[in-house]
Amino acid sequence: MNKITSLTILLFLVLMNSSAQNNFTSKGSASCAMKKSSLFAMPNKPFNNASGPRHTFDVIKYTLNVDLYNCYFSPYPKNFSGSVIINFKIDSVLSSIHLNAENYSLIIDSVRLAGVSYTHANNMLTVQLDRTYAAGEVAEIKIYYRHKNVQDHAFYVKNGFVFTDCEPEGARRWFPCWDQPSDKALLDLTATVPLNVKLGSNGRLADSTIIGDKLTYHWISEQNIATYLIAVTSKVNYKLDIIYWHKPGNPADSVPLRFYYNAGENPDPVISILPDMTTWFSENFVEHPFEKNGFATLNSDFVWGGMENQTLTSLCPNCWDEGLAAHEYAHQWFGDMITCSTWADIWLNEGFATWGEAFWYESYGGYATYKANINSYANYYLSYNAGWPISDPSWAVTTPSGNILFDYSITYMKGACVVHQLRYVLGDSLFSQVIKAYCSDTNLKFKSAIVQDFSDKVNQVAGADYNWFFDEWIYQPNHPVYQNTYNFESLGNNQWKINLQIIQVQTNAPFFKMPVEVLVGFSDGTHITFRVMNDANYQQFSWIVDKQPGLFKFDPEGQIVLKSGATTVGVDKKMHENTIVKFLQIIPNPASTDAILQYEINEPMQVRVEITSLLGNTLLEPDISFKPSGKHEVTFDCSNLPSGTYLCKLSAGVSVHFKKLVIFR
């Protein structure tokens, strides 16, 4: 481990300790984030490589056979031979298919299908099929290959331990596949090992056979699985405990929970709670969706946290920790059962799993314990906000580096807080209905989803348009900074008027629409809570009461956890200059070349219009001029800007307005 990495880990530990606000720290999500954000790149190749050619087929099933026998004996080589049968359905007319296969790791020996030929270059395996196939047809190829004796940070071998670890795109390093989370498939895996090795994988153990001194395990996953969640976990003299979770609706129907662990470890802290955790998540999400589940601790090559391999989560050595287990187990629903379709949709995995960790504590510690965890997440985000949105459309095309994709402040902490704020916006009952409807949707279950699929489910269940919520919290960066003012005004006859002006002053993000609550307390000890929709900046609200108020609290329960600022006495009744400026629209949006910004002012003034990065850096020459009252528009040539999310900033007088602009090609 180099000095830079050591310092990064030390800093991360300091931040973890400083951000803990209660006994239930965010250890689970923190460990997960540290592990995933420190992903290794391939030698001489950046990690954030493009995904490859446009997909033209749908993989139905991988039948994978690997001979790992020699990997368990000194000097513990990393090379093995294998084959994979890929059964696929054609999406459009095609005569060849492209598969991901890292040249650094894999040698392709042959591809079997009458008349085929293939090339293996630039980490892509291109197979020329025996004929041209029409849309809807099903075909099958068999690939014989070898894994080289190289360290590729996906297939790990050390001292009798063999395991895989593949998020986000490491599966291509140990078998040829279409390595994208949008294409999930069934799995049939056989692996040959020495007799003293226990080997776990995804799905159920169909059988195991012994021939001589070799043992072959046969694992079958009867539910679709993403390639990055396919796993082999094995060790000489592995310890194994098995317990069973009995379904509440049918106690005779049980699900095996398998625990693989190293000698000297005690898995009881997780074994003792996993049945209750399975019941809690089943009752609140959807019934446990797989034929088995379990955890396995690894070795020193897996230093941090966990990895939510479908039905067999990997943990770091001796990491039988409740918080980590809760985070990774929530992934079985959010990430495994329903998988992010692209890496731009990572919130559907990590945001919900991190929230699920806090939600588990609510099962026995109550709402106050849950909320204490959410508050600690928000405090961390507010202290260490990296400054980019949870989702960037460009990530769907080019996978970002691990430290961006799995940034702790954004992907985990802010992601979980956004789930909580959705719970606040919808209310517990409606939120619960949304989660259950999302998890049980047959168009999504055991498949992949994009964020829009989830927002569509919210709109469908709620019967209203909540796209605004996702636009501001998922697709734009940062958070609101409030500088609210209020006062109490006597009207006589024992009547009082309560005045509130809600003002957001952030300069690094547009306005955030949110329902807000206001608590007013009275001298007789009573209080009342008002809830209003704050859908415009400098918005004023008034309430008339029949007794003298003395206490005023904005967001009294702290439900808008992603915010900063203050609320002070002193409403300014003068209409703010903001009201005479309107930022109308950007057309087109998304844009590919020119973007036209339209706005309106009601009196002459100096106006500055510019396009900035999400961090506020001006990217194109700004338009600065004195404008007469009326409607105006400015055209920017965006052809040299890469695909991604940007901000259009309009400064007029003392007013500053933002709108999100997406560049996509």
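The values are calculated or read from the model by the stated rules, or taken from the named source; none is laboratory data. These figures come from a predicted structure and were not determined experimentally. Don't worry about glycine lacking a Cβ; one is built from the backbone with ideal geometry, like all the others, and counts go over all protein chains shown.
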Filter segment 227-253 for residues that are of a type in the set (Ser, Thr, Tyr) and part of a strand (DSSP E or B); the one that is farthest from LEU312 (Cα to Cα) is TYR244
Could you say which residue among ALA191, ALA134, ALA154, ALA206 is touching an Asp or Glu at 6+ places or on another chain (Cβ under 7 Å), outside the structural domain of TRP347 (by TED's automatic domain parsing) and among the aliphatic types (A, V, I, L, M)?
ALA154
Condition check for LYS627: at pLDDT below 90, among the basic types (Lys, Arg) and over 32 Å from the mean Cα position of the chain (by Cα):
yes
Pairs only if they're at least six apart or on different chains, beta carbon under 9 angstrom, first in segment 555-566 and farther than 18 Å from THR485 by Cα, second modelled with pLDDT under 95 and outside any loop (DSSP other than H, G, I, E, B); list them, first residue then second.
none
Which condition number in (1) over 29 Å from VAL418 (Cα atoms); (2) in contact with a helix residue (DSSP H, G or I) (Cβ under 7 Å, 6 or more places away or on another chain); (3) among the aliphatic types (A, V, I, L, M) is the one that ILE450 fails?
(1)
Could you please find all residues in segment 88-107 being more than 23 Å from LYS184 (Cβ to Cβ) and either outside the structural domain of PRO181 (by TED's automatic domain parsing) or modelled with pLDDT under 95 (or both)?
VAL93, SER95
Could you tell me whether any residue of segment 447-460 is surrounded by fewer than 20 Cβ atoms within 10 Å (Cβ to Cβ), out of contact with any Gly (no Cβ under 6 Å at 6 or more places or on another chain), aliphatic (A, V, I, L, M) and without any contact (Cβ under 8 Å) to a residue 40 or more places away in the chain?
no
State whether the residues of segment 418-439 include one that is part of a loop (DSSP other than H, G, I, E, B) and surrounded by 16 or more Cβ atoms within 10 Å (Cβ to Cβ).
no
What is the number of the single condition among (1) closer than 26 Å to VAL481 by Cβ; (2) part of a loop (DSSP other than H, G, I, E, B) that TYR380 does not meet?
(2)
Residue in segment 240-247 that is modelled with pLDDT under 95 and either among the hydrophobic types (A, V, I, L, M, F, W, C) or under 21 Å from LYS445 (Cα atoms) (or both) present
yes
Yes or no: ASN224 on the phi < 0 side of the Ramachandran plot, modelled with pLDDT of 95 or more and in a loop (DSSP other than H, G, I, E, B)?
no
The one condition in (1) over 22 Å from MET307 (Cβ atoms); (2) in contact with an Asp or Glu (Cβ under 7 Å, 6 or more places away or on another chain) that LEU229 fails to fulfil:
(1)
Candidate set: segment 515-542, residues that are in contact with a helix residue (DSSP H, G or I) (Cβ under 7 Å, 6 or more places away or on another chain) and within 22 Å of LYS649 (Cβ to Cβ); chosen: the one surrounded by the fewest Cβ atoms within 10 Å (Cβ to Cβ)
TYR538
Quick check on my filter: what residues within segment 341-366 are under 8 Å from the mean Cα position of the chain (by Cα) and β-branched (Val, Ile, Thr)?
ILE346
Reported set for segment 630-653 where residues are among the basic types (Lys, Arg) and under 37 Å from the mean Cα position of the chain (by Cα) is LYS649
Does at least one position in segment 473-483 carry a residue that is in contact with a helix residue (DSSP H, G or I) (Cβ under 8 Å, 6 or more places away or on another chain), surrounded by 15 or more Cβ atoms within 10 Å (Cβ to Cβ) and not in a loop (DSSP other than H, G, I, E, B)?
yes
Checking the conditions here, which among SER651, SER625, SER629, SER613 is closer than 25 Å to THR398 by Cα and among the hydroxyl-bearing types (Ser, Thr, Tyr)?
SER613
How many residues are assigned by TED's automatic domain parsing to the domain that holds LEU430 and of a type in the set (Lys, Arg) if we restrict to segment 459-499?
0
Where residues in segment 633-652 are surrounded by fewer than 18 Cβ atoms within 10 Å (Cβ to Cβ) and without any contact (Cβ under 8 Å) to a residue 40 or more places away in the chain, which of them is farthest from ILE410 (Cα to Cα)?
GLU633
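Inspect all residues belonging to segment 143-159 and state whether any of them is part of a loop (DSSP other than H, G, I, E, B), under 28 Å from GLN310 (Cα atoms) and among the basic types (Lys, Arg).
Within segment 143-159, the first condition is being part of a loop (DSSP other than H, G, I, E, B), and the residues that meet it are 148-154, 159.
Filter once more, so that each one left must be under 28 Å from GLN310 (Cα atoms): 148-154, 159.
Now restrict to residues that are among the basic types (Lys, Arg): 148.
Checked segment 143-159: at least one residue is part of a loop (DSSP other than H, G, I, E, B), under 28 Å from GLN310 (Cα atoms) and among the basic types (Lys, Arg).
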Which ones in segment 175-228 are over 24 Å from ILE143 (Cβ atoms), within 31 Å of the chain's Cα centre (by Cα) and surrounded by 22 or more Cβ atoms within 10 Å (Cβ to Cβ)?
GLY200
Test GLU357 against the criterion of being out of contact with any strand residue (DSSP E or B) (no Cβ under 6 Å at 6 or more places or on another chain), part of a helix (DSSP H, G or I) and acidic (Asp, Glu), and give yes or no.
yes
Need the failing condition index for THR507 against (1) within 26 Å of ILE611 (Cβ to Cβ); (2) at pLDDT 95 or above, just the number.
(2)
